[in-house]
Amino acid sequence: MNTADTFAQYVLPTYGRFPIVPVKGRGTYLWDDQGKKYLDFCTGIAVCSIGHCHPALTAAIQKQAGELLHVSNLFQIPQQAELAKVIVENHVKIPGKVFFSNSGAEANDGLIKMARRFGHKNRQANGEARYEVITFSQSFHGRTLGSMAATAQAKIHEGFDPLLPGFRYSLFNDLTALASAISPITAAILLEPIQGEGGVYSATPEFLQGIVALAKKHDLLVLFDEVQAGFGRCGDSMAWRTICPEIEPDGISWAKGMGGGFPIGSFWVNDRLIDDTTPLSSLMNPGSHGSTYGGNPLACAASLAVLEVIETEKLSQHAQEMEALIRKEFATWDHSIFDDLRGAGLLLGFGIKANSIPAVEGKTPAQVIVGEFIKHGLLTVPAGPNTVRILPPLTVTAAEIHEALTIIRTTLDTLTHA
């Protein structure tokens, strides 16, 4: 029985999988079970941030696996403490505290719980708790019941009613709509500074500044989902700083690239006072949240290795340089299929012109184009129906960028003349 048949018989069909069976990865390249080599500009959807099988990450996992894999969070795990310190001091650079989970959806659930704790502490004028979190059109925050309810996409909700209450959806980059959405029960605003699954749209500086002003006016929390965008991918350790560096959020979630392929997620909570004596971070006290596997020694050792490579090799700056290279080349193209290039750093999305390629029944334009790229040896990923997303490792070279752009250009020319 081949891999496809085994999947069909034993694995729930929750993904629309491409017909590729990866068996080996090195740096920016993947090989399938037939020996075909691919340039990987998907990287597990922004996960393999320092490429496949980076020596530093491999060595850290091997070393820690030979010493201690897991202990309970009832004990003090030194690797967890060190990783939290690195995140706060070297990346967020704002006093706060970190909780470790296994995924981005779990991290976002933690932020949602923290927002509700805040709404119970700082109540409405009538004494009732606040609990509502405002999120935005085309957002994506995960697939758990909480993070799914926070996601403002109807297709994600289909068949899972009733959703967890306590969310209101507003229009992305529209301050007037946001101001109208705020009510006495609102406790927090949650958004991706750069949307990934929703089409690689960036919040404007004015929008982020306006969110902070509205939050201050109404005593709300500002929460950033940087699960896909964080830790260097967008040209700074923190994606929001690429847009509006002067603001300070109350909470941030991460996952994906912080482990380089090893499962780990986390969220950070600001230490700022929410009254005369209470730090915001103190609301998540013993018993308020937990994770059996989150922050175990092996996961934290892996993440420490990844973040060290990102820092020492200045990969945030490198992401900016590679973005400039891509944009310079894109500016010279005949835009008969791709009409714009959105995003920042190495989280970029090519927008597809309406009716620019022949329709294929059962497939979105993005899926059609991604499938054609695969045939030519390039792995990318859709971001909604009309955007092709590229997410190369932060270690990608200029030569590999040029190789990918050549494949993209050649494939688009073929589709144009089909």
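Every number in this text was worked out from the coordinates using simple rules, so none of it is lab data. On a predicted model such as this, the values are computed, not experimentally measured, just so you know. Glycine also receives a Cβ, built like all others from the backbone with ideal geometry; neighbour counts cover every protein chain displayed.
What to note about this one:
- Surface/4 of the Cα convex hull for region 97-202, nm²: 7.4 nm²
- Each of THR277, THR380 has some number of other Cβ atoms within 10 Å of its Cβ, and from fewest to most they run THR277, THR380.
- The shape of region 1-156 comes out oblate: with a ≥ b ≥ c from the C-alpha gyration tensor, a/c is at least 1.5 while a/b does not beat b/c.
- Ordering of 107-114, 402-409 by packing is 107-114, 402-409, highest average first (other Cβ atoms within 10 Å, averaged per residue).
- The phi-based Karplus calculation (6.51 cos²θ - 1.76 cosθ + 1.60; θ = phi - 60°) puts the 3J(HN,Hα) values of region 287-302 at x, 7, 7, x, 7, 4, 9, x, x, 6, x, 5, 4, 5, 4, 4 Hz, whole numbers, x for Gly and Pro.
- For SER103, the amide hydrogen comes within under 5 Å of the amide hydrogens of GLY265, counting only partners 5 or more places away or on other chains and with H modelled in the peptide plane.
- When only the Cβ of Lys, Arg, Asp and Glu is charged (+1, +1, -1, -1), the dipole of region 58-312 relative to its Cα centre reaches about 300 debye.
- Qualifying chymotrypsin sites (Phe, Trp or Tyr not before Pro) in region 185-249, where qualification requires a DSSP coil assignment and no more than 13 other C-beta atoms within 10 Å, are lacking entirely.
- Between GLN367, GLN76, GLN195, the Gaussian network model of the chain with springs among Cα atoms under 10 angstrom shows the greatest mean-square fluctuation at GLN76.
- Prolate/oblate/rounded label for region 201-352 (Cα gyration tensor, a/c 1.5): oblate
- For GLU206, GLU246, the sequence from fewest to most other C-beta atoms within 10 Å is GLU246, GLU206.
- Charge sum, other residues only, whose C-beta stays under 13 Å from ASP275's C-beta, Lys/Arg counted +1 and Asp/Glu -1: +1
- Along the axis of the charge dipole computed for region 1-140 (Cβ charges of +1 for Lys and Arg, -1 for Asp and Glu, origin at the Cα centre), the listed residues MET1, SER72, TYR131 are led at the positive end by TYR131.
- Each pair of Cα atoms in region 204-265 enters the Kirkwood radius, and Stokes-Einstein at 20 °C and 1.002 mPa s then converts it into a translational diffusion coefficient of 173 µm²/s.
- Neighbourhood net charge (15 Å Cβ-Cβ; Lys/Arg +1, Asp/Glu -1) for GLY142: -2
- Annotation note: trypsin sites (Lys or Arg not before Pro) in region 299-405 located in DSSP loop regions with a Cβ neighbour count of at most 16 within 10 Å are LYS314, LYS353, LYS363.
- Ranking of GLU329, GLU226 by count of other Cβ atoms within 10 Å, fewest first: GLU329, GLU226
- Between helix 315-330 and the chain: long-axis angle, C-alpha atoms, 0 to 90°, nearest 10: 50 degrees
- Cα gyration tensor category, rounded, prolate or oblate, for region 103-142 with a/c compared to 1.5: oblate
- A simple rule links phi to the HN-Hα coupling: the Karplus curve 6.51 cos²θ - 1.76 cosθ + 1.60 with θ = phi - 60°, which for region 46-63 gives 6, 8, 7, 5, 10, x, 7, 6, 4, x, 5, 6, 4, 5, 5, 5, 4, 5 Hz, with x for Gly and Pro.
- Where GluC sites (Glu not before Pro) fall in DSSP loop in region 40-114, at most 11 other Cβ within 10 Å: GLU67
- The base-10 log of I(q)/I(0) for region 58-312, evaluated at q = 0.11, 0.13 Å⁻¹, reads -0.56, -0.79 [Debye formula, identical scatterers on Cα atoms, solvent excluded].
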